[in-house]
Amino acid sequence: MDKLWLQNWPEGVSTKLTYRLGEKPLHQYLTQNALDKPETIAYIYYGTEISWKELEHYVNRFANFLKSKGIVKGDRVGLFMQNCPQYIIAHYAVQKLGAIVGPISPMFKEWELEYEINDMGAKAVVAAQDLYPIVANVRDKMPTLELVVTTNYADFIPEEPTLPVPEEIILEKKLFDDTTDLLQAVKEHSAQLQSDEINLWDDVALFVYTSGTTGRPKGAMLTYGNALFKTAAAFHGNQSEKLKMGLTVMPIFHIAGMVMGVNIPVYSGMTTVMLTRYDAQAVVTAIEKYQCDFWYSIAPMNGELLGYPGIEKRDLSSLKLNLCTSFGFPVNQELSDAWKQLTNSCYLYEASYGLSETHTCDTIMPPEKIKFGSCGIPTFDTEVKILDPETGDPLPPGEQGEIVIKNPGVFKGYFNRPQATDETLKDGWVYTGDIGMIDQDGYLYFIGRVKEMIKCSGYSVFPEDVEAMLIKHPAVLQAGVIGVPDSRRGESVKAFIVLKQDFKGKVSAEDIITWSKEKMAAYKYPRFVEFRDSLPATGTGKVLRRLLKEAQ
């Protein structure tokens, strides 16, 4: 397929990617920031301000501690905490040693933590104090784990916070046997560090766990170069050079949140306000107080803020760039227009298409040529093809098939999973397992997952397609769709619906089904509707259809 998208490349942006400080690992950008602007604030955490020089010293001291405990190049270190400065410190300390960061979801229970620690063969884990009991309960089942570091979020929260602080992170400090406190480790070690030599495009920097196209979670091995490329592509592709103050609320253990909240601040040198988690009051206050001009969100957050009490009296006009991901409900023209009116100028549009295996951010949206419903056009140095899932033949514009991607962000493979790697990574192309379409203008549309596709009377139905229509019903706040067995049709569509507050008890399942019949093809509309108060979702807001299916 010809590169149709180049005709719609963002105005004023070169098609050649140039790295701000050259081709080198992001932790060297951190060091350069500390030299170039030592007193400039790097991160603000509920009022605590950490300069670039201070951050560099924290990172170097913690790296020296890890080195003293035997952590060397290639070792895996799990990070098990919510957003906090300690996460940033640990992330870059590990990478300065040439070791590998293993982000772990802070929502994990014992069996999930045990699986990932053992699968990656982690030698150490840095855990939030409140999550340490989970580590302790399975520590004897994780034979590679030699070192446990704990940390208290409150260590970096000031006595008089400038933003609302979640109650659950204000904890009395505890020390545990057979563990080391992060701040204590930092205090006891030098800020002078001899970093390890890094092969940018070959050495692995990051293990990101993903189910891939099939099976249990696997560690996608991403290099220092993968991280640099996608960070720079996202930053320059979205014309972020003039931005001064970012806001990070998305989970930074997740690859998209990591790019926006861990990587871009260090790459760009911009100041970033970090929240441990999303909270409407804290977000509004942060934008007002710190004049944040950049925010990465998911659509439900913007939707909630539009209805936040007294929001019309608040000043969000500092926002200049708000990249957003459609989870639960879409980033559409209506939402974008309402957001632009509220902020006085800030457009809201789809952040990107991407996946862990490509270090995400595979597309960018030209701001002067937004196409709602699309994921934008392929980013720098990126090739995208749509293939027939059965024959593997390339398909023309407008035809739906499997999305395959090639660019410098593509992973090295799955850790200890050669067969799964061979199935997903072929001649440098990632076979995503996603169904999509490229239109005549080169815009990519995500249709659904191959494995979540529902087969109704021989027709292919993608859950996202049905969900997108259901969200247009005036009573529907959120929707999740799965296939259920049907002796006559093979499968039928079942929808799980969260109603808007004003419609609860006033709209029936039959009302939704009748409405859907008028809006969708006969094979596609839901035959079954179940109302829920909430839908199971990831920390990033993505509906977990697997859990909906397991509950049947």
query: Does the stretch 155-173 hold any residues that are crowded, with 16+ Cβ neighbours inside 10 Å, within 16 Å of Asp279 (Cα to Cα) and aliphatic (A, V, I, L, M), and which are they?
result: Leu163, Val165, Ile169
task: Go through (1) over 19 Å from the mean Cα position of the chain (by Cα); (2) surrounded by fewer than 22 Cβ atoms within 10 Å (Cβ to Cβ); (3) closer than 30 Å to Phe229 by Cβ and name the single condition Ala286 misses.
output: (2)
message: Can you pull out every residue in the stretch 430-462 that is in contact with a Pro (Cβ under 8 Å, 6 or more places away or on another chain), crowded, with 21+ Cβ neighbours inside 10 Å and either over 11 Å from Pro397 (Cα atoms) or without any contact (Cβ under 8 Å) to a residue 12 or more places away in the chain (or both)?
response: Ile435, Gly448, Ile454
message: Whether any residue in the stretch 444-459 is touching a helix residue (DSSP H, G or I) at 6+ places or on another chain (Cβ under 7 Å), of a type in the set (Gly, Ala, Ser), at pLDDT below 95 and more than 26 Å from Ala232 (Cβ to Cβ) is what I want to check.
response: yes
statement: By residue number, the members of the stretch 470-493 that are surrounded by fewer than 19 Cβ atoms within 10 Å (Cβ to Cβ) and of a type outside the set (D, E, K, R) are Ile471, Pro474, Ala475, Val484, Pro485, Ser487, Gly490
- request: Determine, yes or no, whether Ile471 is touching an Asp or Glu at 6+ places or on another chain (Cβ under 6 Å), modelled with pLDDT under 95 and farther than 30 Å from Gln7 by Cβ.
  value: no
message: Looking at the structure I just gave you, is Ile170 closer than 30 Å to Ala420 by Cβ and β-branched (Val, Ile, Thr)?
response: no
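Okay, residues lined up against (1) surrounded by fewer than 24 Cβ atoms within 10 Å (Cβ to Cβ); (2) at pLDDT 95 or above; (3) under 16 Å from the mean Cα position of the chain (by Cα):
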position: Lys230; (1), (2), (3): no, yes, yes
position: Ala234; (1), (2), (3): no, yes, yes
position: Gln239; (1), (2), (3): yes, yes, no
position: Ile252; (1), (2), (3): no, yes, yes
position: Gly257; (1), (2), (3): yes, yes, yes
position: Ile264; (1), (2), (3): no, yes, yes
position: Val273; (1), (2), (3): no, yes, no
statement: The residue from Glu39, Glu56, Glu11, Glu49 that alone is touching a residue at least 60 places away in the same chain (Cβ under 8 Å) and surrounded by fewer than 22 Cβ atoms within 10 Å (Cβ to Cβ) is Glu11
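One line per residue, one yes/no per condition, for (1) in contact (Cβ under 8 Å) with a residue 60 or more places away in the chain; (2) at positive phi; (3) touching a helix residue (DSSP H, G or I) at 6+ places or on another chain (Cβ under 6 Å):
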| residue | (1), (2), (3) |
| --- | --- |
| Lys141 | no, no, yes |
| Ile169 | yes, no, yes |
| Thr180 | yes, no, no |
| Lys187 | yes, no, no |
field: Subset of the stretch 383-409 [in contact (Cβ under 8 Å) with a residue 60 or more places away in the chain, surrounded by 22 or more Cβ atoms within 10 Å (Cβ to Cβ) and within 20 Å of the chain's Cα centre (by Cα)]
entry: Asn407, Gly409
query: Hey, among Asp279, Asp315, Asp293, which residue is touching a Lys or Arg at 6+ places or on another chain (Cβ under 8 Å) and either in contact (Cβ under 8 Å) with a residue 12 or more places away in the chain or under 17 Å from Pro251 (Cα atoms) (or both)?
result: Asp293
Pairs with Cβ under 7 Å, 6+ apart, first in the stretch 515-534 and within 14 Å of Asp465 (Cα to Cα) and without any contact (Cβ under 8 Å) to a residue 40 or more places away in the chain, second among the small types (Gly, Ala, Ser) and not in a helix (DSSP H, G or I): none
- request: Using the structure shown, decide if Ala154 is more than 30 Å from Pro408 (Cβ to Cβ), assigned to a helix (DSSP H, G or I) and either hydroxyl-bearing (Ser, Thr, Tyr) or touching a Phe, Trp or Tyr at 6+ places or on another chain (Cβ under 9 Å) (or both).
  value: no
message: I need every pair where a residue in the stretch 326-340 that is closer than 15 Å to Val476 by Cβ and at pLDDT 95 or above has its Cβ under 7 Å from the Cβ of a residue that is aliphatic (A, V, I, L, M) and buried (at least 21 other Cβ atoms within 10 Å of the Cβ), sequence separation at least 6 or different chains.
response: Leu335/Ala299; Leu335/Leu348
task: For the stretch 241-250, name all the residues that are in contact with a strand residue (DSSP E or B) (Cβ under 8 Å, 6 or more places away or on another chain), surrounded by fewer than 24 Cβ atoms within 10 Å (Cβ to Cβ) and without any contact (Cβ under 8 Å) to a residue 60 or more places away in the chain.
output: Lys244
- prompt: Of the residues Gln86, Gln82, Gln95, which single one is polar (S, T, N, Q) and surrounded by fewer than 24 Cβ atoms within 10 Å (Cβ to Cβ)?
  reply: Gln82
- prompt: Which of (1) loosely packed, with under 15 Cβ neighbours inside 10 Å; (2) more than 23 Å from Asp202 (Cα to Cα) does Gly74 not meet, given it meets every other one?
  reply: (2)
message: For the stretch 170-274, give me every one of the strands (runs of 3 or more DSSP E) that falls completely inside it and has 1 or more residues that are touching a Ser or Thr at 6+ places or on another chain (Cβ under 8 Å) and within 30 Å of Thr285 (Cα to Cα).
response: 245-248, 271-274
Filter pass, Asp130 being out of contact with any strand residue (DSSP E or B) (no Cβ under 6 Å at 6 or more places or on another chain), surrounded by 14 or more Cβ atoms within 10 Å (Cβ to Cβ), free of Cβ contacts under 8 Å to residues at least 60 places away in the same chain and acidic (Asp, Glu): yes
task: Answer yes if at least one residue in the stretch 316-337 is on the phi > 0 side of the Ramachandran plot and surrounded by fewer than 18 Cβ atoms within 10 Å (Cβ to Cβ), and no otherwise.
output: no
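The values are calculated or read from the model by the stated rules, or taken from the named source; none is laboratory data. It should be emphasised that the depicted structure is a prediction, and the values quoted were computed from it without experimental measurement. Cβ atoms come from the backbone with ideal geometry, glycine included; neighbour counts cover every protein chain shown.
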